[in-house]
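Below is one structure; the comments refer to it alone.
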Amino acid sequence: AVLSVESITRVISEEARRILGTHVAVTSLTRRDEQDQDVCAVSLSGKYAALRDRELRPDGLSAHVCRTNQPLRLTEAEVESHPEWNGSHGGEAAPVPTRGWLGVPLIGHGGRNLGVVQLSDKEDGDFTPEDEAVLAQLAATASVGLENARLYDSLRDQDKRKDEFLATLAHELRNPLAPIRTGLQILKLSADGNQARDARDMMERQLGQMVRLVDDLMDVSRVSRGQMELKLERTTVRTVFEMAIETSRPLVEAAGHELSVSLPEQPVHLQADVTRLAQLLGNLINNAAKYTPDGGRIQLSAHTEGPETVLRVTDSGVGIPGEMLSKIFDLFTQVGGSLDRSQGGLGIGLSLVRRLAEMHGGSVAAESVGPDQGSTITVRLPLAAGADDKPEIFPAAPDATAESRRILVVDDHVDGAESLAMLLGLFGHEARTVHNGPDALVAASEFQPDLVFLDIGLPGMNGYEVARALRQNHGSAEPMLVALTGWGSEDDRQRAREAGFDAHLAKPVKPEAVKEIVRNCPRR
């Protein structure tokens with residue numbers, strides 16, 4: 001029923017001392033991934049009242065129990081002669097415990113050591129095997145309680161972070177939506193061409209911000225579910241730096257930061273997914289720009305250490321508190337974490353950085369002296385070795401002339417379909433729209449399109465089924481098929497290939513990508 005680690009350690013110390021009749025009981029917990037222990041709870045009789053005001057430390061025998069994960073029961077003489085006895089609880093002139101010492105490990109799931117419960121100075125006689133059995137039972141109960149308490153703390157923390165994330169997500173999406181709505185009103189009311197152009201530019205910038213937020217969310221989801229596949233190829237650190245800087249330049253320049261780059265004279269080669277690695281580095285640059293006051297400094301550097309490439313992003317910004325250095329790469333974690341900060345973000349950028357680094361066989365770490373002292377993020381990646389791996393792509397369509405095409409747009413999202421058809425009309429093509437699978441088959445037969453943009457998530461008859469039917473119905477005169485979908489994993493692309501699609505576009509589609517696909521579409 002006890003749900004806190006502190007309460008459990010206090011209860012186990014007090015109860016163990018009371019039940020077994022000793023003057024001293026100490027419960028120590030093992031630090032994560034370390035052999036050292038921290039004293040969490042001490043229970044003392046009046047005999048050791050002088051120790052109550054002192055900061056106690058685990059003795060050498062408790063470390064021995066944690067390391068071996070086995071109970072240890074010693075008489076007074078055996079304690080004194082034990083090679084790992086280093087003084088009772090760190091006392092400078094501590095006496096050897098009268099009537100011996102007894103320690104039992106706290107063992108968690110999978111045999112992992114959680115800590116130790118130790119007793120010393122029994123009131124009557126030496127510790128017996130029965131004493132050891134009783135303490136082992138108490139330790140087993142405490143171990144279950146400790147793991148439950150830590151799980152409860154973790155769930156409570158995750159729930160809190162989830163609530164903060166949802167509130168932040170709403171905040172971050174409303175920010176670009178507000179100027180987009182205002183821009184639409186300007187376009188309705190204003191007859192000034194310059195004003196309309198400025199409104200369009202502003203709306204494009206805000207839409208780009210929303211797309212980046214959604215892309216980051218989708219990427220984190222894909223990585224978490226193991227559905228992101230890297231398209232590895234041989235590249236250079238310089239290429240990755242150039243792509244990342246180009247993406248981050250508007251944010252850096254808007255804040256007036258000084259950006260410096262240091263690269264080795266000789267090319268440094270990596271076997272990597274260039275786009276994803278540029279995304280990783282771009283996230284780090286963006287983070288540095290957001291959390292550095294205007295006019296600050298951001299330094300990018302790269303060098304090799306043995307078989308690794310070491311990339312660093314250093315800034316002169318607000319820094320990272322010491323207690324957050326090990327947490328900032330956790331999902332939805334933000335330094336400060338309050339909604340009143342001006343930097344924005346969803347707390348997913350650095351989590352994505354770590355996951356992408358690990359997918360490339362590397363690692364990432366953060367350093368900071370403290371608040372307002374700047375920070376450094378270091379990414380280590382293996383150097384390239386072996387032959388290039390070529391990414392799998394859809395078969396290329398033959399080049400075509402710039403003549404007008406007949407294009408069918410199939411999407412149950414009416415505004416999405418109509419806006420794409422409108423764009424295709426501005427490009428000089430004849431476009432029609434339908435909003436479900438059966439209507440698509442009828443329209444394809446009547447309209448005889450050269451190209452079909454086909455949404456996958458259609459009601460009733462999905463896009464894969466429509467694609468297969470179109471391939472069967474039109475034979476050699478079949479149109480080019482382009483999957484139009486909000487899902488963009490490699491599994492989704494593979495399903496599109498198997499259904500007969502020639503290409504795959506993830507929403508929201510870029511006008512340049514649409515124009516390129518139409519340009520390569522043969523006339524029927």
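Return the lysines within reach of LYS162: Cα separation strictly under 29 angstrom, same-chain partners fewer than 8 residues apart disregarded; answer none if there are no such residues.
List returned: LYS290, LYS327, LYS507.
Full-extension gain between THR239 and GLN195, please, as 0.36 nm times their residue separation minus the C-alpha to C-alpha distance.
Stretched fully, the THR239-GLN195 segment lengthens by 12.1 nm.
Provide the gained length on full extension for the span ALA140 to GLU512, in nm with one decimal, where the gain is 0.36 nm per separating residue minus the Cα-Cα distance.
Working: separation 372, 0.36 × 372 = 133.92 nm, distance 6.39 nm.
The ALA140-GLU512 span can extend by a further 127.5 nm.
Can you return the lysines within cross-link range of LYS122? Criterion is Cα-Cα under 24 Å, with same-chain partners fewer than 8 residues away left out.
LYS47
How would you order 363-371, 427-435 from highest to lowest mean count of nearby Cβ atoms within 10 Å? Mind dumping the intermediate values first?
On the way: 363-371: 15.0, 427-435: 18.0.
The peptides rank, most packed first, as 427-435, 363-371.
Whole-Hz Karplus ³J(HN,Hα) for the range 240-257, in order, using 6.51 cos²θ - 1.76 cosθ + 1.60 and θ = phi - 60°, x for Gly and Pro?
For the range 240-257, the Karplus-derived couplings read 5, 4, 5, 5, 5, 5, 4, 5, 8, 4, x, 5, 5, 5, 4, 8, x, 7 Hz, x marking Gly and Pro.
Roughly how many nanometres apart are two label points built 7 Å out from the Cα toward the Cβ at GLN373 and SER81?
5.0
Using only the Cα atoms of the range 113-167, build the gyration tensor, take square roots of its eigenvalues as a ≥ b ≥ c, and label the shape rounded, prolate or oblate: rounded if a/c is under 1.5, else prolate if a/b is larger than b/c, else oblate. Mind showing how you got there, number by number?
Working: a/c = 6.14, a/b = 4.15, b/c = 1.48.
It comes out prolate by the Cα gyration axes.
Read the figures in this text as sums done on the coordinates, not as results from a lab. Quantities reported herein were computed from a predicted structural model and do not represent experimental measurements. Virtual Cβ from ideal backbone geometry, glycine too; neighbours counted across all protein chains shown.
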